[in-house]
1. Quick one: how many residues across segment 1-15 are surrounded by 17 or more Cβ atoms within 10 Å (Cβ to Cβ) and β-branched (Val, Ile, Thr)?
2. If we keep just the residues of segment 52-111 that are among the hydroxyl-bearing types (Ser, Thr, Tyr) and in contact with a strand residue (DSSP E or B) (Cβ under 9 Å, 6 or more places away or on another chain), which is surrounded by the fewest Cβ atoms within 10 Å (Cβ to Cβ)?
3. So if I check each of Leu55, Leu48, Leu40, Leu74, which one is hydrophobic (A, V, I, L, M, F, W, C), under 16 Å from Arg11 (Cα atoms) and in contact with a Phe, Trp or Tyr (Cβ under 6 Å, 6 or more places away or on another chain)?
4. Give the residues of segment 16-51 that are farther than 24 Å from Pro82 by Cα and crowded, with 16+ Cβ neighbours inside 10 Å, sorted by residue number.
5. Condition first: touching a strand residue (DSSP E or B) at 6+ places or on another chain (Cβ under 7 Å) and free of Cβ contacts under 8 Å to residues at least 24 places away in the same chain. Now tell me which residues in segment 35-51 satisfy that.
Amino acid sequence: MSVPASLATLRRELEDAATHLGRPHDLRFKPMFGGLMAWLDEQPCAWLTSGGLALKLAPADQPALLRIEGTARLIAKPGAAPSRHYIVLPAALSRDTVQLAGWLARSATGAVRNAR
């Protein structure tokens, strides 16, 4: 399957963040719902869509991310309710490898907390 250039860019940004964490081999992608779903440690961590990179975060981690200008809850399709778990990042944040890595680590930690 050919991946649109915008999704390929977002994928590279997420791969760079995983590499920054020393975990590039723990990240995998699968085409889903017109975008790419990303898993870290076999837990869903992000959804890459034409609207941007949306990280899956535990409820406790969401307020801090939502205070960053340009973030918003993912709306998967027109008319749908905003996601309770996925937060779309502004392009400047997804391009900042160090910041993105920190949020990706929170995503992975939240997935572990939610699995318990």
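1. 0
2. Residue satisfying both the conditions and the ranking: Ser83.
3. Leu55
4. Of everything in segment 16-51, those that are farther than 24 Å from Pro82 by Cα and crowded, with 16+ Cβ neighbours inside 10 Å turn out to be Asp16, Ala17, Ala18, His20, Leu21, Arg23, Leu27.
5. Met37, Trp39
Laboratory data are not the source of any read-out in this text; all were calculated from the coordinates shown. Please read all numbers here as calculations on a predicted model, not as lab measurements. Positions of Cβ are generated from backbone atoms using ideal geometry, with glycine treated the same way; all protein chains shown enter the neighbour counts.
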